[in-house]
Amino acid sequence: MDSKLYTQPDAGPVTQSPQTAAGPAPVASQATKETLEDYTLRFAPRSYRRWTPMVVATTALGGIAYMADFSIGAGIGLAHGTGNALVAIAVAAVVIFVTGFPLAYYGARYNIDLDLITRGSGFGYYGSVLTSVIFASFTFIFFALEGSIMAQGLKLGLGLPLWLGYLVSTLMVIPLVIYGMKALSKLQVWTTPVWLVLMIAPLVYLVATDPGTVDRFLSYAGTDGTGGVDTASVLLGAGVCLSLIAQIGEQIDYLRFMPPKTEANKRTWWAAVVMAGPGWVVLGALKQAIGVFLAVYILAKVGPEAAPEPIQQFRSAFDAMMPSWLVLPLAVALVVISQIKINVTNAYSGSLAWTNSFTRVTGRYPGRMVFVLVNLGFALALMEADMFSFLNSILGFYSNCAIAWVVTVATDIGVNKYLLKLSPLRPEFRRGMLYAVNPVGVVSFVAASGLSIALYFHALGDTLQPYSPVAAAVIAFVLTPLTAVVTRGRYYLRRTTDGIDEPLLDADGNPSATTYDCHVCHQPYERPDLAACQTHDAVVCSLCLSTDKAGDHVLPARPSAV
Ligand SMILES: [Zn+2]
């Protein structure tokens, strides 16, 4: 590319800082290379979104093969009994579905990931760094979980010591993640049928050949032995399931590649968004219930210590239906396939979330590979520290923050945008367009997660402790509209125009596909990813705005100070 053609219009009275004049080329070209692969720190352009709605949905659902659901369900079931576990799973699923819906819609309709949605849905440009870090921690906690499950499988199947299994399950993901999402979606598609058969077949066999397993499952009363359904047990269990609420972020990492919604495709478009968006939890809840079933089934044989381990659950299930020489290899295959399917996504999404936070805080874009390693380092440390045994308590604590975040963003979209009209309907993620911090989301998120964590650690007594996830959800739901009313919605947008005449959305309400060249990195980007730079009388892309440390690029029409 001949950069002279593009730098020409810049010549003139504008004085650039020496840094900018000499510095940006390598940074920008590296940024460009990275973005062409995954478009993560920016809007996903229409030119790249060539898949049909159903292909996007299938790919997105491929990522939720993870096995943690089986042990989460088992953990709740063993502690509180089948009745409480099933109600807890259902309650959590309803909350996850309802809050996931607006987020999935925004991701698919406006083609941005959950962090970009969060910025314009009450948090502000720097405010959402908080939630990005939470999302990044979600990815490495779950990576560690899945890695532990795989290490248990390798130990049982190949006699590998756990510490080595942890290392193997971490290192093997790195080469896969380097190839990015295009390669990962191929992996998802061909592994899904194998995975489905291995998971469903033993269950169908057990139920068909021994109906008594269903009765024993339904009447299992838990280790406390009381049985039935009680509020405290349900809420404790739901709290653990709700920690998965942040999974919607990984679903949106795929859903943002949805094609434009048109008159012709609107039915399949909606079906795909609902299925692969909030609908992930239907499959998730089903896996948790299967986890309870299998744990109860193997409890007498392996004891309460090993019953939540998916490798044990499936080994016993396979054992009932096939010759013994086939059992271990198949159980190990199931665990390894599931683990790879989810952990490439965890490693990938985590690296993106870290890169995203780092770039905003420091104004530098080091490339996401550094953060693949950082994220995997955290996960490996957690595994070597034997976190699997503390699974439920880690998830219970984590879920308070995750719930506070997702409920805040969902409420901002559902209530502040659509009902109160205090939050701008159109999403906004560009630096300069947004305030650094919007009190609406930040206050409600900090209050909701802070108070619920206090509850979780018994600060308000033992009676209220189980209610911490409910508190997180209710506080976020109430405070988000309240702070918007109090601040009169003034801190969403810093300016009302980005200085480009063409509207962001076309006549159908889809993001416009017209391209403009960014005057800093000299690459063409679609309309929603750019803003006019007054300093240089040209347009600048969102990533170049993010990495503009010297503040060279000033957007037009600052409104009077508020
Ligand atoms: Zn640029």
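The values are calculated or read from the model by the stated rules, or taken from the named source; none is laboratory data. Given the structure is predicted, the values throughout are model-derived calculations rather than measurements. Glycine also receives a Cβ, built like all others from the backbone with ideal geometry; neighbour counts cover every protein chain displayed.
Please determine, by comparing only the residues of the range 526-543 that are within 10 Å of the ligand (Cβ to nearest atom) and not in a strand (DSSP E or B), which one is nearest to GLU263 (Cα to Cα).
This residue is ASP529.
Which condition number does ARG490 fail, the rest of (1) at positive phi; (2) away from the ligand (no atom under 16 Å from the Cβ); (3) of a type in the set (D, E, K, R) being met?
All conditions are met except number (1).
What residue, of ALA538, ALA484, ALA550, is touching a His at 6+ places or on another chain (Cβ under 9 Å), farther than 30 Å from SER393 by Cβ and among the small types (Gly, Ala, Ser)? Show your work before the answer.
Values: ALA484 fails: touching a His at 6+ places or on another chain (Cβ under 9 Å); ALA550 fails: touching a His at 6+ places or on another chain (Cβ under 9 Å).
None of the others qualify; the one that does is ALA538.
So ALA410 passes all but one of these: (1) surrounded by fewer than 21 Cβ atoms within 10 Å (Cβ to Cβ); (2) at pLDDT 90 or above. Which condition number does it fail?
Status for ALA410: all satisfied but (1).
For (1) outside any helix (DSSP H, G or I); (2) over 30 Å from ALA447 (Cβ atoms), each residue gets a yes or a no:
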{"residue": "ASN356", "(1), (2)": "no, no"}
{"residue": "ARG360", "(1), (2)": "no, no"}
{"residue": "ARG364", "(1), (2)": "yes, yes"}
{"residue": "VAL372", "(1), (2)": "no, yes"}
{"residue": "ILE394", "(1), (2)": "no, no"}
{"residue": "CYS401", "(1), (2)": "no, no"}
{"residue": "THR408", "(1), (2)": "no, no"}
{"residue": "THR411", "(1), (2)": "no, no"}
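With (1) at pLDDT 90 or above; (2) away from the ligand (no atom under 16 Å from the Cβ); (3) outside any helix (DSSP H, G or I); (4) within 26 Å of ARG109 (Cβ to Cβ) as the list, and ALA484 as the residue in question, which single condition is left unmet?
ALA484 satisfies all of (1) at pLDDT 90 or above; (2) away from the ligand (no atom under 16 Å from the Cβ); (3) outside any helix (DSSP H, G or I); (4) within 26 Å of ARG109 (Cβ to Cβ) except (3).
Can you tell me which residue within the range 501-520, out of those that are within 11 Å of the ligand (Cβ to nearest atom) and touching a residue at least 24 places away in the same chain (Cβ under 8 Å), is surrounded by the most Cβ atoms within 10 Å (Cβ to Cβ)?
Ranking the candidates gives VAL520 first.
For the range 364-403, which positions are closer than 20 Å to THR345 by Cβ, at pLDDT 85 or above and of a type outside the set (A, V, I, L, M)?
Across the range 364-403, the qualifying residues are PHE371, ASN375, GLY377, PHE378.
Identify all residues within the range 515-556 that are more than 28 Å from the chain's Cα centre (by Cα), among the hydroxyl-bearing types (Ser, Thr, Tyr) and over 21 Å from SER47 (Cα atoms); write none if there are none.
Initial filter on the range 515-556 (more than 28 Å from the chain's Cα centre (by Cα)): 515-524, 532-540, 549-556.
So of that shortlist, the ones also among the hydroxyl-bearing types (Ser, Thr, Tyr) come out as 515-516, 535.
Result: THR535, single match.
Could you please let me know if THR139 is buried (at least 24 other Cβ atoms within 10 Å of the Cβ) and either among the polar types (S, T, N, Q) or without any contact (Cβ under 8 Å) to a residue 12 or more places away in the chain (or both)? Steps first, answer last, please.
On the way: buried (at least 24 other Cβ atoms within 10 Å of the Cβ): yes; either among the polar types (S, T, N, Q) or without any contact (Cβ under 8 Å) to a residue 12 or more places away in the chain (or both): yes.
So THR139 passes the test.
Which number in (1) in contact with a helix residue (DSSP H, G or I) (Cβ under 8 Å, 6 or more places away or on another chain); (2) surrounded by 14 or more Cβ atoms within 10 Å (Cβ to Cβ) marks the one condition that THR223 misses?
Every listed condition holds for THR223 apart from (2).
Of all residues in the range 141-168, which are modelled with pLDDT of 90 or more, more than 20 Å from GLN313 (Cβ to Cβ) and assigned to a helix (DSSP H, G or I)?
PHE143, TRP163, LEU164, TYR166, LEU167, VAL168
Determine the pairs where a residue that is loosely packed, with under 13 Cβ neighbours inside 10 Å, located within the range 482-496, has a partner that is of a type in the set (A, V, I, L, M) with Cβ atoms under 6 Å apart, the partner being 6 or more residues away or on another chain.
none
Let's see how each residue does on (1) surrounded by fewer than 22 Cβ atoms within 10 Å (Cβ to Cβ); (2) β-branched (Val, Ile, Thr); (3) within 26 Å of ALA353 (Cβ to Cβ):
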{"site": "GLY63", "(1), (2), (3)": "no, no, yes"}
{"site": "MET67", "(1), (2), (3)": "no, no, yes"}
{"site": "ILE72", "(1), (2), (3)": "no, yes, yes"}
{"site": "ASN84", "(1), (2), (3)": "no, no, no"}
{"site": "THR99", "(1), (2), (3)": "no, yes, yes"}
{"site": "TYR110", "(1), (2), (3)": "no, no, yes"}
{"site": "ASP113", "(1), (2), (3)": "no, no, yes"}
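Which one of these does GLN523 not meet: (1) more than 18 Å from PRO424 (Cα to Cα); (2) away from the ligand (no atom under 16 Å from the Cβ)?
For GLN523, the failing item is (2).
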